[in-house]
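Every read-out reported here was derived from the displayed coordinates using simple, explicitly stated rules and does not represent laboratory data. These figures come from a predicted structure and were not determined experimentally. Cβ coordinates were reconstructed from backbone atoms using ideal geometry, including for glycine residues, and neighbour counts include every protein chain displayed.
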Amino acid sequence: MKKTAFTLAEVLITLGIIGVVAALTLPSLIQNYQKQVWVNQLKKNVSVLENGFKKAMADDGVDKLTDTTLWQSAAEINNYLSLSTEAKRNNFFNSLKKYFNIISVSNESRPIGALNNVNLVNFGVSYPMSFADGSQIGFNRVNITAQADIFGNPHGAVAAVAVDVNGYKKPNQLGRDVFAFGVTERGEVIPVGGNGAVYAYAKYFYCPRNPNMSFPPNSGGCVNYSSQLTKSNTISMFYETNCTLNGDGKSCAARIMENGWKMDY
């Protein structure tokens, strides 16, 4: 019986086709894998933060983070950490170590790049606190009373926090491995620009405090938030405006979390 086999030319052609297909698909596979790594770490970091704040409230038997011994340790700061003395910052950082497995704190502020690859002004990971897994968190603002203007206006926010899921590793880019949050007085970690932040801002800031102001925009006055607060009429406050390849990325954590923990951009 005559045996047949592939010729050398056929083998080389097949290998060439496989190489071309691999070259086309491998970068996409690697990128999707990297995105999932960032998202998984982000999910972990959010959980760690919220659990730590809840433990602080439970230890002191209070319902508000601002009433805890932990938060009172930041009373002398009460705004931007960069304006406080090193001693005051260290007092707060040492209190945080009781609830978070912090291995080091750096006396610096690392500038972060934007999602659109433009240098981001006035955003960084301030005084980054490093965890054993390499991730970092940085408090930009800490207040002992709730503020309406912290990080995308999640009213009830008592802190502005940047989360860097892989620390000093690149890309150090907002919306990729760095994300922006506000911490509420109830210990909730709310992403900037998300539904929760905008809803809370409208509910607690616009209407009760400013009854003559219009919210949603052009509505003529305060309305039923749950039925009227939608992406279409508050689009300038949602992640569609800046979590795009042309945006700065500040609201990308909101997009990820509200999309079922997926980085779809």
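Here is how the numbers come out for the structure above:
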| quantity | calculated |
| --- | --- |
| Principal axis dimensions, the range 35-191 - Cα atoms, whole angstrom, descending | 42, 30, 29 |
| Residue order, fewest to most beta carbons within 10 Å, for VAL118, VAL189 | VAL118, VAL189 |
| Cβ-defined net charge surrounding GLY194, 9 Å radius [Lys, Arg +1; Asp, Glu -1] | 0 |
| Local electrostatic count at GLU86 - Lys and Arg +1, Asp and Glu -1, tallied over other residues with Cβ under 15 Å | 0 |
| Per-residue Cβ neighbour rank within 10 angstrom, fewest leading, LYS262, LYS88 | LYS262, LYS88 |
| Net charge of neighbours whose Cβ lies under 12 Å from the Cβ of THR68, counting Lys and Arg as +1 and Asp and Glu as -1 | 0 |
| FRET efficiency, 1/(1 + (r/R0)^6) with R0 25 Å, evaluated for ASN40 and LYS98 via beta carbons | 0.40 |
| Neighbour-count ranking [beta-carbon atoms within 10 angstrom, fewest first] of ILE18, ILE190 | ILE18, ILE190 |
| Pairwise label distance in nanometres, ASN107 with LEU15, each label 7 Å out on the Cα-Cβ vector | 6.0 |
| FRET efficiency estimate (nearest 0.05) - Cβ-Cβ, ASN117 to LYS262, R0 25 angstrom | 0.65 |
| Those aspartates and glutamates that a straight Cα-Cα span of less than 17 Å connects to LYS88, excepting residues fewer than 8 apart in one chain | GLU76, GLU108 |
| Label-point gap, in nm, between ASN51 and ASN79 - each point 7 angstrom along Cα→Cβ | 3.6 |
